[in-house]
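This report concerns only the one structure given below.
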Amino acid sequence: MAVAKRFAHTGEAKGEVQLPEATFGIEPHAHVMWEAVRNYLANQRQGTAKVRSRGEMRGGGKKPWRQKGTGRARAGTIRSPLWVGGARAFGPRPRDYSYRLPKKVKGLALRSALSSKAGAEEIRVIADFQLAEPKTREVVGILRNLELEMARCLLVVADHDPDMLRATRNIPKLSVLEYRLLNPYEVLHCDYLLIMESAVPKIEEAWGS
């Protein structure tokens, strides 16, 4: 049975919450999680690295010296990849690194990541609350109440909350995601997964097998 500790935003313990077994209680599949993290990181790459080839270099149209009789090696251009200041052979070119994973593989990877966190007791369910004002100090106070101000945390919310996003954007170790944007990389990257209580059934509805 997958369970998580339940807290109020004041830090007061409120018992435990039974998490959906199909989403938080499966046997984690390590290879599928690795595939999903690799896919996520590849899709984040801009792919804009580029160097100039000989055809793109300026100058070098004149042969530096005659072919024979100088005692030097033959040279046809000062822009050769062999020369300092020359072009580069087989250098990086702009490309698209992204690729798609099957939907079932992504679902299994996310359920495996959530189950891994649940098994390690790194999930905290937070009773729903509203910020008094969209200020960073409000959220920092909540993390302090939970004794997680120094931990890397991911807060999962049920709906888009502009006030929460505004209040958390300056906290380096805290990220906020809607339940539908959950991905294995973000889940595995955090030290603690904080889930708003109203988001638990929505995670099950969206990602349950």
Rg(Cα)/(2.2 N^0.38 Å) for segment 23-75, N = residue count | 2.65
Normalise the Debye intensity by I(0) for segment 72-118, one equal point scatterer per Cα, no solvent, then take log10 at q = 0.15, 0.21, 0.22, 0.24 Å⁻¹ and round to two decimals.
-> -0.62, -0.83, -0.86, -0.90
Projected label distance in nm at Arg180 and Phe129, using a 7 Å step from Cα toward the beta-carbon = 2.7
Against the rule of thumb 2.2 N^0.38 Å, how large the Cα Rg of segment 117-163 comes out = 1.24
Computed P(r) (all Cα pairs; segment 51-91; 10 Å bins; percent) | 31, 48, 19, 2
If one puts a single equal scatterer on every Cα of the chain and applies the Debye formula without solvent, what log₁₀ I(q)/I(0) results at q = 0.09, 0.18 Å⁻¹?
-> -0.51, -1.22
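Here is the link list: Lys5/Lys103; Lys5/Lys117; Lys14/Lys117; Lys5/Lys106; Lys5/Lys135; Lys50/Lys103. Which ones come out longer than 22 Å on Cα distance?
Over 22 Å apart, Cα to Cα: Lys5/Lys103; Lys5/Lys106; Lys5/Lys135; Lys50/Lys103.
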With Leu101 itself left out, Lys, Arg at +1 and Asp, Glu at -1 over residues whose Cβ is under 10 Å from its Cβ give +4
Taking Cα atoms only, helix 136-145 is inclined relative to the longest principal axis of the chain by an angle, in degrees rounded to 10, of 60
Given a Förster radius of 25 Å and the C-beta distance between Phe90 and Gln46 as r, what FRET efficiency does 1/(1 + (r/R0)^6) yield to the nearest 0.05?
-> 0.75
More than 20 Å apart - percent of Cα-Cα pairs taken over segment 98-197 = 37
Full extension between Glu197 and Leu165 adds, at 0.36 nm per residue less the Cα distance, a length in nm of 9.7 nm
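Bear in mind that the values in this text are calculations on the coordinates, not laboratory data. As the structure is a prediction and not an experimental result, all values here were calculated from the model. When we count neighbours, we look across all protein chains shown, and the Cβ atoms used for this are built from the backbone with ideal geometry, even at glycine.
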